[in-house]
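*Asks:* Structure provided below as structure tokens; questions to follow.
The values are calculated or read from the model by the stated rules, or taken from the named source; none is laboratory data. Bear in mind that the values here come from a model prediction, so they are computed numbers and not experimental data. A quick note on method: Cβ atoms are made from the backbone with ideal geometry, for glycine too, and the neighbour counts reach across all protein chains shown.
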Amino acid sequence: MKQNNVVTLAAMKARGEKISQLTCYDYSTARLMDQAGINMILVGDSLGMTMQGYSDTLPVTLEEMILYGRSVARGCRNAFVVLDMPFMSYQVSPEQALANAGRMMKETGVDGVKLEGGEGICPQIRAITAAGIPVCAHVGMTPQSYHAFGGFTVQGKGEAGAARLLKDALTVQEAGAFAVVLECVPPKLAALISRKLDIITIGIGAGGGCDGQVLVYQDMLGITEGQTPKFVKAFAQVGQQMMEAFQAYDSQVKSGAFPAPAQTYAKSDCGDEVLNR
Ligand code: KIV
Ligand code: NA
């Protein structure tokens, strides 16, 4: 069993320890996050935007999620890996949800799946958890429904919105979810939900009162171009560093400075017989 699993993560909440989660979409980066001690990794369908260049998550397919999920799973010895169920891979019925969650587990080696929705998606959560697959729910601003929301906007506003969101969180717990992502939820409400629930809450744009935090890794590394949402913090300027490295390579190739003797095989390293013929 991994150092991070559903039991240890629940114990972290019980002890009041915060849980770290980042999104990840490839093996090399997963290894680094895993070695850094990140508790959970989310192979989010945000990869539709960050890795594939779409403007939203709706076009992402099950096959694509499986491909990325498999790469990340191979890089993680200790981090608990959650794989997002893409749009229309679970909404149709509990049977569809279970069949696809099963494929995702069998074909990738991840530790659990995530799907978006509250009370309305509980039959799916029940079906998947009954098969022994850990489910993370996702409430608040759920990007697969942005057409219905009229944009990527804060949810849970006002009395009715707050009551709705609290009910959603309670019902996904009741249906068997081991965790729930709270995305773009007013911080006081997210803190209240986190206190009321026994399962772990992972916040993004939901303030410091959640049991854990998640960020998209291109956002937190400073790779994302243009404006990022208010809740993003860039912990490094990796985008700038990459740009400088690419520019240096380009100019050294063109000037002939690269490759230098240090990057060139000596005569004896490469087939003297051929050269002496
Ligand atoms: O797809 C994703 O990256 C997500 C997180 C932002 C929670 O669902
Ligand atoms: Na997602």
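*Asks:* With the requirement that a residue be in contact with a helix residue (DSSP H, G or I) (Cβ under 7 Å, 6 or more places away or on another chain) and not small (Gly, Ala, Ser), what does the range 202-216 give you?
*Replies:* If the condition is that a residue be in contact with a helix residue (DSSP H, G or I) (Cβ under 7 Å, 6 or more places away or on another chain) and not small (Gly, Ala, Ser), then 210, 211, 216 are the ones that fit.
*Asks:* Quick check on my filter: what residues within the range 19-68 are more than 14 Å from ligand 1 (Cβ to nearest atom), over 14 Å from the mean Cα position of the chain (by Cα) and charged (D, E, K, R)?
*Replies:* Hits for the range 19-68 are 31, 63.
*Asks:* Please enumerate the residues belonging to the range 1-41 that are within 15 Å of residue 112 (Cβ to Cβ), aliphatic (A, V, I, L, M) and in contact (Cβ under 8 Å) with a residue 60 or more places away in the chain.
*Replies:* 6, 9, 10, 19, 40 - these are the residues of the range 1-41 that are within 15 Å of residue 112 (Cβ to Cβ), aliphatic (A, V, I, L, M) and in contact (Cβ under 8 Å) with a residue 60 or more places away in the chain.
*Asks:* On the basis of being touching an Asp or Glu at 6+ places or on another chain (Cβ under 6 Å), more than 18 Å from residue 6 (Cα to Cα), outside any loop (DSSP other than H, G, I, E, B) and assigned by TED's automatic domain parsing to the domain that holds residue 20, does residue 171 make the cut? Give the derivation first.
*Replies:* Numbers: touching an Asp or Glu at 6+ places or on another chain (Cβ under 6 Å): yes; more than 18 Å from residue 6 (Cα to Cα): yes; outside any loop (DSSP other than H, G, I, E, B): yes; assigned by TED's automatic domain parsing to the domain that holds residue 20: yes.
Yes.
*Asks:* Is the range 77-92 home to any residue that is buried (at least 22 other Cβ atoms within 10 Å of the Cβ) and of a type in the set (Asp, Glu)?
*Replies:* Yes: one or more hits.
*Asks:* Select, from 212, 207, 222, the only residue that is modelled with pLDDT of 95 or more, surrounded by 12 or more Cβ atoms within 10 Å (Cβ to Cβ), within 16 Å of ligand 2 (Cβ to nearest atom) and of a type outside the set (A, V, I, L, M, F, W, C).
*Replies:* Sole residue among the options that is modelled with pLDDT of 95 or more, surrounded by 12 or more Cβ atoms within 10 Å (Cβ to Cβ), within 16 Å of ligand 2 (Cβ to nearest atom) and of a type outside the set (A, V, I, L, M, F, W, C): 212.
*Asks:* Take the residues in the range 135-165 that are away from ligand 2 (no atom under 16 Å from the Cβ) and touching a helix residue (DSSP H, G or I) at 6+ places or on another chain (Cβ under 6 Å), then tell me which one is modelled with the lowest pLDDT.
*Replies:* So, considering only residues that are away from ligand 2 (no atom under 16 Å from the Cβ) and touching a helix residue (DSSP H, G or I) at 6+ places or on another chain (Cβ under 6 Å), the one modelled with the lowest pLDDT is 156.
*Asks:* Go through the range 190-227 and give me each residue that's within 17 Å of the chain's Cα centre (by Cα) and assigned to a loop (DSSP other than H, G, I, E, B).
*Replies:* Within the range 190-227, 205, 206, 210, 211, 216, 221, 222, 223, 224 qualify.
*Asks:* Another one. Counting just the residues of the range 88-107 that are more than 16 Å from ligand 2 (Cβ to nearest atom) and within 20 Å of residue 77 (Cα to Cα), which one comes out nearest to the chain's Cα centre (by Cα)?
*Replies:* Among residues in the range 88-107 that are more than 16 Å from ligand 2 (Cβ to nearest atom) and within 20 Å of residue 77 (Cα to Cα), the one nearest to the chain's Cα centre (by Cα) is 105.
*Asks:* Quick test of your reading of the structure: residue 144 fulfils all but one of (1) buried (at least 18 other Cβ atoms within 10 Å of the Cβ); (2) more than 13 Å from ligand 1 (Cβ to nearest atom); (3) of a type outside the set (Lys, Arg). Name the failing condition by number.
*Replies:* Only one criterion in (1) buried (at least 18 other Cβ atoms within 10 Å of the Cβ); (2) more than 13 Å from ligand 1 (Cβ to nearest atom); (3) of a type outside the set (Lys, Arg) is unmet by residue 144, namely (2).
*Asks:* Being within 28 Å of residue 160 (Cα to Cα), assigned by TED's automatic domain parsing to the domain that holds residue 169 and touching a helix residue (DSSP H, G or I) at 6+ places or on another chain (Cβ under 6 Å): is that true of residue 107 here?
*Replies:* no
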